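The values are calculated or read from the model by the stated rules, or taken from the named source; none is laboratory data. Everything numeric in this text was worked out from a predicted model, so none of it was measured. FYI the Cβ positions are ideal-geometry reconstructions off the backbone, even for glycines, and counts take in every protein chain you see. Surface accessibility is based on the protein's heavy atoms, side chains included, excluding ligands, DNA and RNA. Shrake-Rupley method; radii C 1.70, N 1.55, O 1.52, S 1.80 Å.
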Amino acid sequence: MLKNLTIGGRLALGFGVVLTLLVVLAISGYRGLVATGDSVTAIAANNDLASKAQELILALTNMRRQAYPAAMEVGNPRGAQEFINIVKEHRQLFRTRLDEVEELESQAKVKERVRAWRRAQGEYETAVDGSFAGILNGQFKTPQEVYASYRTAIGIMAPVEAELVAYVTEKVDLAAQAKKAAEVAGAQTQQTTL
């Protein structure tokens, strides 16, 4: 069949085959780059969410940790107020990080979890503020009485903390999976171009 083609036809056919291979190679490389870019975006998003959630856990831990020294200041409203102010700073950080997670998160189910965490935070604040008011107005006479009043608040936030730890683990795992997908896509793109 090639014998029946003119030299110009043979050149055109050869050029067409090379051009077709070049287009297939370009499309394959482009798809690999898009897949790699998507994976890198997923890595960044999941790492950012995991980081914000870790900061949520830290703020929660610090809120609870600073509430106990306030209890030790029973009978010393000025000393208690210093620790209460620190607790309030960590509360604000917790709220800010919740807002950031809710803004960054794309899944409706997770956004609902964030709203549940926010509601629990409000209940926690109400319970702890009652304890703080009792410290400041002299209602409590011993730290043990204050600790007993904290129990309700601790029970409110314990499940939230467990969910936050699970959420961080999930986001770190998703980032690791996306990293692996990016490596695979990069290797496939490299093999295709070779």
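Key figures
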read-out: Candidates Val34, Val87, Val74 - the one that is in a loop (DSSP other than H, G, I, E, B) and either open to solvent by less than 60 Å² (accessible area, probe 1.4 Å) or free of Cβ contacts under 8 Å to residues at least 60 places away in the same chain (or both); value: Val74
read-out: Residue in the stretch 108-129 that is β-branched (Val, Ile, Thr) and closer than 30 Å to Ala182 by Cα present; value: yes
read-out: Residue check for Glu125: under 15 Å from Lys171 (Cα atoms) and either in contact with a Lys or Arg (Cβ under 9 Å, 6 or more places away or on another chain) or touching a residue at least 60 places away in the same chain (Cβ under 8 Å) (or both); value: no
read-out: Qualifying residues in the stretch 133-188 (those that are of a type in the set (D, E, K, R) and more than 30 Å from Asn76 (Cβ to Cβ)) - the one most open to solvent (accessible area, probe 1.4 Å); value: Lys180
read-out: Test: residue in the stretch 138-155 that is on the phi > 0 side of the Ramachandran plot and either out of contact with any Lys or Arg (no Cβ under 6 Å at 6 or more places or on another chain) or among the hydroxyl-bearing types (Ser, Thr, Tyr) (or both); value: yes
read-out: Filtered residues of the stretch 48-65 (kept if of a type in the set (A, V, I, L, M, F, W, C) and touching a residue at least 24 places away in the same chain (Cβ under 8 Å)); value: Leu49, Ala50, Ala53, Leu56, Ile57, Ala59, Leu60, Met63
read-out: Residue among Glu55, Glu82 that is out of contact with any Lys or Arg (no Cβ under 9 Å at 6 or more places or on another chain), part of a helix (DSSP H, G or I) and open to solvent by 50 Å² or more (accessible area, probe 1.4 Å); value: Glu82
read-out: Test: residue in the stretch 102-124 that is surrounded by fewer than 17 Cβ atoms within 10 Å (Cβ to Cβ), at pLDDT below 90, not in a helix (DSSP H, G or I) and not basic (Lys, Arg); value: yes
read-out: Residues satisfying the stated conditions in the stretch 110-122, i.e. over 16 Å from Ile57 (Cα atoms) and either within 14 Å of the chain's Cα centre (by Cα) or in contact (Cβ under 8 Å) with a residue 24 or more places away in the chain (or both); value: Val110, Lys111
read-out: Residues being over 39 Å from the mean Cα position of the chain (by Cα), modelled with pLDDT of 80 or more, part of a helix (DSSP H, G or I) and not aliphatic (A, V, I, L, M) - total across the stretch 1-31; value: 8
read-out: Test for Leu98: is it buried (at least 17 other Cβ atoms within 10 Å of the Cβ), part of a helix (DSSP H, G or I), in contact with a Phe, Trp or Tyr (Cβ under 7 Å, 6 or more places away or on another chain) and modelled with pLDDT of 85 or more; value: yes
read-out: Near pairs, Cβ below 9 angstrom, 6+ apart or cross-chain, from the stretch 7-21 (of a type in the set (Val, Ile, Thr)) to any residue that is open to solvent by 50 Å² or more (accessible area, probe 1.4 Å) and part of a helix (DSSP H, G or I); value: none
read-out: Conditions (1) open to solvent by 40 Å² or more (accessible area, probe 1.4 Å); (2) under 17 Å from the mean Cα position of the chain (by Cα); (3) aliphatic (A, V, I, L, M); number of the one not met by Leu60; value: (1)
